[in-house]
Amino acid sequence: MSQAATVEAGARGAPGSSSGGSEFTPLLRIVKSQNLLRGRYAWYARAIAINALALGGVLTGVVLTGDSWWVLLLAPLLAVFSARTAFIGHDAGHAQITGNKAAARILGLVHGNLLLGMSYSWWNRKHNRHHANPNHVDKDPDVAADVLVFTGRQAVDRTGFRRWLTRNQAWLFFPLTLLEGVALKVQAFRDLRRQSPAERSVEAVLLVSHVVGYATLLLTAMSPGKALAFAALHQALFGLHLGMSFAPNHKGMEMPDPSGRPWGHLRRQVLTSRNIRGGAVTDWLLGGLNYQIEHHLFPSMPRPHLRLAQPLVRAHCEELGIPYAEATLVDSYRQALRHMHEVGEPLRAK
């Protein structure tokens, strides 16, 4: 189911609503009346242009600095603007930038495949499944048992090295995110086998172009040793930035009972999500993902409108008696890590 279809299903009334109508319908009506779902084309055009100039400036700095260890100081900057690039690709996949599917796909392919070496198709497919059923252990790929686990049921079956990982996953979470940038690139190439021939040909060309261009830039600007150090630092910090942006959103929040009665759209999205308090700096660093509740309720809402929708959503939840979770950035990490620590507790006791 597409994100738009998910929202419409919520508006019609889904199982788990506490009344005959949908709990979401009045909120959707208010949001539409305030034009918060309308596109912000000029805002996104400006954001994309500024990000492109910033990336170009950092890469120019890499070339001009050349074969010097000082060039490593530019790796953190490149990591930050790589994350900004990922946020733009994320918004394109949600139709936040434009409702035109072809244009959104081009934006996603450029910002994902070409500039970052990440598969736009793989990310969009996986992320849509997450949005449809956040924190649902059987339906959300983000909480499927993999390197990390998020429920006691997932933990009991762990053996060998994975068992050791689960026992210590709270301590290992942030170190593991240092590998996320490389893991996303590996997954991008692995996903090519799933894609149709037409889709594969486009994505593969862009992914290979990214790898060749990235390697050529570094190896022509500096010695192989410095190039390897720069790439390692850049990719590690890029992965860390993404991990720190996505980790606070759902970890440690409600997880629907797979055998229980399904929740309606409002409760399914609000109860499983957590917002991060902060100001303009937080908004910028987290790419708007700090308004996770509003983003999940209205995935196609343009990023600058999320903060405007927040008081409406909070008031609606208060009226219905639905918990609306907010935390500071540090406390959100504390809650997420505490949850992962508790999941691994039974394995540490043995």
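The values are calculated or read from the model by the stated rules, or taken from the named source; none is laboratory data. These numbers were taken from a predicted model, which means no experiment stands behind them. Backbone-built Cβ (ideal geometry, glycine too); neighbour counts: all protein chains shown.
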| said: From the list Ile97, Ile106, exactly one residue is surrounded by 20 or more Cβ atoms within 10 Å (Cβ to Cβ), under 27 Å from Pro304 (Cβ atoms) and not hydroxyl-bearing (Ser, Thr, Tyr). Which is it? | reply: Ile97
| task | Tell me which of these Arg84 doesn't satisfy, since it passes every other one: (1) in contact (Cβ under 8 Å) with a residue 24 or more places away in the chain; (2) in contact with an Asp or Glu (Cβ under 8 Å, 6 or more places away or on another chain); (3) surrounded by fewer than 23 Cβ atoms within 10 Å (Cβ to Cβ). | result | (2)
| Residues Glu342, Glu254: which one is without any contact (Cβ under 8 Å) to a residue 40 or more places away in the chain, of a type outside the set (Gly, Ala, Ser) and farther than 30 Å from Ile50 by Cα? | Glu342
| Which ones in segment 94-120 are in contact with an Asp or Glu (Cβ under 6 Å, 6 or more places away or on another chain) and either free of Cβ contacts under 8 Å to residues at least 40 places away in the same chain or not hydrophobic (A, V, I, L, M, F, W, C) (or both)? | Asn113, Ser119
| said: Looking at His316, His296 in this structure, which one is farther than 24 Å from Phe150 by Cβ and assigned to a helix (DSSP H, G or I)? | reply: His316
| task | Could you name every one of the helices (runs of 4 or more DSSP H) located completely within segment 37-126 that has at least 3 residues being modelled with pLDDT of 95 or more, within 22 Å of Asp283 (Cα to Cα) and not hydrophobic (A, V, I, L, M, F, W, C)? | result | 41-65, 74-93
| request: Return yes when Phe246 is more than 14 Å from the chain's Cα centre (by Cα) and among the aromatic types (Phe, Trp, Tyr) and no when it is not. | output: no
| task | Residue by residue through segment 309-325, note down the ones that are surrounded by fewer than 16 Cβ atoms within 10 Å (Cβ to Cβ) and within 23 Å of Phe87 (Cα to Cα). | result | none
| request: Write out, first by first residue and then by second, each pair whose Cβ atoms fall under 7 Å of each other, whose residues are 6+ apart or on separate chains, and whose first residue, in segment 299-328, is within 25 Å of Ala47 (Cα to Cα) and hydroxyl-bearing (Ser, Thr, Tyr) while the second is modelled with pLDDT of 95 or more and surrounded by fewer than 19 Cβ atoms within 10 Å (Cβ to Cβ). | output: Ser300/Leu37
| request: Return the residue satisfying two criteria in turn: it lies in segment 138-191 and is surrounded by fewer than 20 Cβ atoms within 10 Å (Cβ to Cβ) and polar (S, T, N, Q), and of such residues it is farthest from Val330 (Cα to Cα). | output: Thr159
